[in-house]
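**Q** Quick one: this structure, given as structure tokens, is what I'll be asking you about.
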Amino acid sequence: MRKPESGSLAMETPAIYRISVLGRVDASWAPRLEGMNITESGQTRAKAETILVGRVADQAALAGVLSTLYELHLPVLSLECLEAM
């Protein structure tokens with residue numbers, strides 16, 4: 001996938017994101033995380049690292065995903081916009 005071009009991402013536009021968190025996210029949380037695909041990528045500092053990838057409707061929905069991860073006490077390691085739509 002290509003990186004979004006400068007100016008192609010707006011607050012109200014959908015985009016595909018990859019979020020890496022420290023810890024495990026059970027697949028049952030996918031609906032609360034905008035249906036993102038959840039995969040465990042291995043161990044980091046003796047703790048599991050989980051990667052979430054998926055389309056998010058807009059920046060408000062992205063904020064909701066991040067809020068859910070915060071409520072789960074999962075530190076965000078990285079957040080990357082893979083493609084603006």
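**Q** Restricting attention to region 13-38, report how many residues are touching a residue at least 40 places away in the same chain (Cβ under 8 Å) and out of contact with any Ser or Thr (no Cβ under 8 Å at 6 or more places or on another chain).
**A** Counting residues in region 13-38 that are touching a residue at least 40 places away in the same chain (Cβ under 8 Å) and out of contact with any Ser or Thr (no Cβ under 8 Å at 6 or more places or on another chain) gives 5.
**Q** Which count do you get for residues in region 38-73 that are out of contact with any strand residue (DSSP E or B) (no Cβ under 9 Å at 6 or more places or on another chain), over 14 Å from residue 17 (Cα atoms) and not hydroxyl-bearing (Ser, Thr, Tyr)?
**A** 3
**Q** In this structure, does residue 55 turn out to be modelled with pLDDT of 95 or more, farther than 15 Å from residue 78 by Cα, basic (Lys, Arg) and open to solvent by 50 Å² or more (accessible area, probe 1.4 Å)?
**A** yes
**Q** Just the residues that are assigned to a strand (DSSP E or B) and either among the small types (Gly, Ala, Ser) or touching a helix residue (DSSP H, G or I) at 6+ places or on another chain (Cβ under 9 Å) (or both), please, taken from region 33-45.
**A** Listed by number, the residues that qualify are 37, 38, 41, 42.
**Q** Determine which member of the set 30, 48, 60 is exposed (fewer than 12 other Cβ atoms within 10 Å of the Cβ) and outside any loop (DSSP other than H, G, I, E, B).
**A** Just one listed residue meets the conditions, 60.
The values are calculated or read from the model by the stated rules, or taken from the named source; none is laboratory data. For clarity, every value in this text was computed on a predicted model and none was experimentally measured. As a convention, Cβ positions derive from the backbone with ideal geometry for all residues, glycine included, and neighbour counts pool all protein chains shown. Areas reflect the complete protein model, heavy atoms only, side chains present, ligands, DNA and RNA absent. Shrake-Rupley method; radii C 1.70, N 1.55, O 1.52, S 1.80 Å.
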